[in-house]
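K.L.:
Quick one: the structure is below, questions incoming.
The values are calculated or read from the model by the stated rules, or taken from the named source; none is laboratory data. Here the structure is a predicted model, which means the values were calculated and not measured. Cβ sites come from the backbone with ideal geometry, for glycine too, and all protein chains shown count toward neighbours.
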Amino acid sequence: MYFYQIIHEDVNKLRGHIVSIIGGGGKSSLLLKMGKELAEQSLQVILTSTTKTQPLPNIGLVLSADNPNFLSEVQVLLEELRIALVAKTYYKKDSLIGVNIPTIFDLTSVGDILLIEADGSRKRSLKTHKESEPVISPNSTAVIILCGANVVGELLNEETVHRAELFSQKWRLPFGTVLTPEIIANELLSPHSYLRNIPLRAEVRILINQCDKNPIGGRLLAEHLTKKCHYPVYLGSIQQTKLERIA
């Protein structure tokens, strides 16, 4: 199963989609994986971010800041390579500042599909969100919620959860609490966190990644989610190119 099939099983129906990826546990990897898969299917794919991000290996980069011709540059890359990464400017040597929402709307005029990293998690597989997050473009047609299976069964602390203190306060759970499938699912389905700012017309998908690191915990979480929501739930490993739909 291709990872782009999380959005839609028929690649011919993916043109025009604007996909935002939120959560933790492999957003950049999923962005790159789906982007390459779609480019191999002859779609012109734009990769971008509304938060800080990093350059992607072997992907051409276009910066929009102080560049009135950036859309033309994106189009040239798409015609030559069928895939392009767009950011505003460099934040540090190896870090980029993502684009703003108006630029997302501009990018819809070129290419076939837009994939957006719309959240930051500081490399944690689970997080909770501030009121201003996630930064999802209102024209998104699909939102993929991502969580790493490796966090299932771990203890609540700063090393396992991004904004662990806020997470602890929200759910009234002390540091050191075991992160069970139920606790994690409550966060992933919270209207005050992961589900905040999702456009009404956007279709929601959930992917539990890194099942190779915790196959039992990942499956338990995925199966628990299917009992608590109507969203399609997937289990897989981007690194090992494994993916299955649970429900």
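K.L.:
Only one of S42, S49 is among the polar types (S, T, N, Q), surrounded by fewer than 17 Cβ atoms within 10 Å (Cβ to Cβ) and either at pLDDT 95 or above or more than 27 Å from A202 (Cα to Cα) (or both); which? Show your work before the answer.
P.N.:
Values: S49 fails: surrounded by fewer than 17 Cβ atoms within 10 Å (Cβ to Cβ).
Every option except S42 fails the conditions.
K.L.:
In addition: Kindly indicate which of S28, S20 is surrounded by fewer than 21 Cβ atoms within 10 Å (Cβ to Cβ) and within 21 Å of S64 (Cα to Cα). Talk me through it step by step, then tell me what you get.
P.N.:
Values: S20 fails: surrounded by fewer than 21 Cβ atoms within 10 Å (Cβ to Cβ).
Testing whether each residue is surrounded by fewer than 21 Cβ atoms within 10 Å (Cβ to Cβ) and within 21 Å of S64 (Cα to Cα) leaves just S28.
K.L.:
Filter the range 3-39 down to residues that are charged (D, E, K, R) and in contact with a Ser or Thr (Cβ under 9 Å, 6 or more places away or on another chain) and give me whichever is farthest from T141 (Cα to Cα). So that I can check it myself, show each step before the final result.
P.N.:
Within the range 3-39, the subset charged (D, E, K, R) is 9-10, 13, 15, 27, 33, 36-37.
The next check asks that each one be in contact with a Ser or Thr (Cβ under 9 Å, 6 or more places away or on another chain); those that pass are 27, 33.
On the way: K27: 17, K33: 19 Å.
Only one residue fits best here, namely K33.
K.L.:
Please return the ranges of strands (runs of 3 or more DSSP E) entirely within the range 20-105 where 2 or more residues are within 23 Å of I7 (Cβ to Cβ) and small (G, A, S). Please lay out each step first, then the result.
P.N.:
Values: elements: 45-49, 61-63, 83-87, 89-92, 95-97.
Hits in the range 20-105: 83-87.
K.L.:
Could you list, in sequence order, all residues of the range 194-247 that are of a type in the set (G, A, S) and at pLDDT 95 or above? Reasoning before the result, please.
P.N.:
Initial filter on the range 194-247 (of a type in the set (G, A, S)): 202, 217-218, 222, 236-237, 247.
A202, G217, G218, A222, G236, S237 - these are the residues of the range 194-247 that are of a type in the set (G, A, S) and at pLDDT 95 or above.
K.L.:
Find the residue count for the range 204-247, including only residues that are surrounded by 19 or more Cβ atoms within 10 Å (Cβ to Cβ), farther than 17 Å from R124 by Cα and in contact with a Ser or Thr (Cβ under 7 Å, 6 or more places away or on another chain).
P.N.:
Residues meeting the conditions: 1.
K.L.:
Let me ask another. I'd like to know if the range 57-65 contains one or more residues that are without any contact (Cβ under 8 Å) to a residue 12 or more places away in the chain and under 20 Å from I144 (Cα atoms).
P.N.:
no
K.L.:
I'm trying to understand the selection: among the residues of the range 139-152, which are crowded, with 17+ Cβ neighbours inside 10 Å and in a loop (DSSP other than H, G, I, E, B)? Break it down into steps so the answer makes sense when it comes.
P.N.:
So in the range 139-152, the residues crowded, with 17+ Cβ neighbours inside 10 Å come out as 140-152.
Matches in the range 139-152: S140, T141, V152.
K.L.:
Only one of these is crowded, with 19+ Cβ neighbours inside 10 Å, over 17 Å from the mean Cα position of the chain (by Cα) and without any contact (Cβ under 8 Å) to a residue 60 or more places away in the chain: L77, L96. Name it. Spell out how you get there, then give the answer.
P.N.:
Values: L96 fails: over 17 Å from the mean Cα position of the chain (by Cα).
Within the list L77, L96, the selection yields L77.
K.L.:
Collect the residues in the range 106-120 that are of a type outside the set (S, T, Y) and either in contact with a Cys (Cβ under 8 Å, 6 or more places away or on another chain) or not in a strand (DSSP E or B) (or both), keeping them in residue-number order.
P.N.:
If we filter the range 106-120 for residues that are of a type outside the set (S, T, Y), which is where we start, we get 106-107, 110-120.
Across the range 106-120, the qualifying residues are D106, L107, V110, G111, D112, A118, D119, G120.
K.L.:
A follow-up question, please. Among (1) out of contact with any Asp or Glu (no Cβ under 7 Å at 6 or more places or on another chain); (2) closer than 24 Å to S237 by Cα; (3) of a type outside the set (F, W, Y), which single condition is L179 missing?
P.N.:
Evaluating L179 over (1) out of contact with any Asp or Glu (no Cβ under 7 Å at 6 or more places or on another chain); (2) closer than 24 Å to S237 by Cα; (3) of a type outside the set (F, W, Y) leaves (1) as the failure.
K.L.:
Take the conditions modelled with pLDDT under 95 and part of a helix (DSSP H, G or I) and apply them to N12. Does it pass?
P.N.:
Working: modelled with pLDDT under 95: yes; part of a helix (DSSP H, G or I): yes.
Here the answer is yes, as N12 does meet what is asked.
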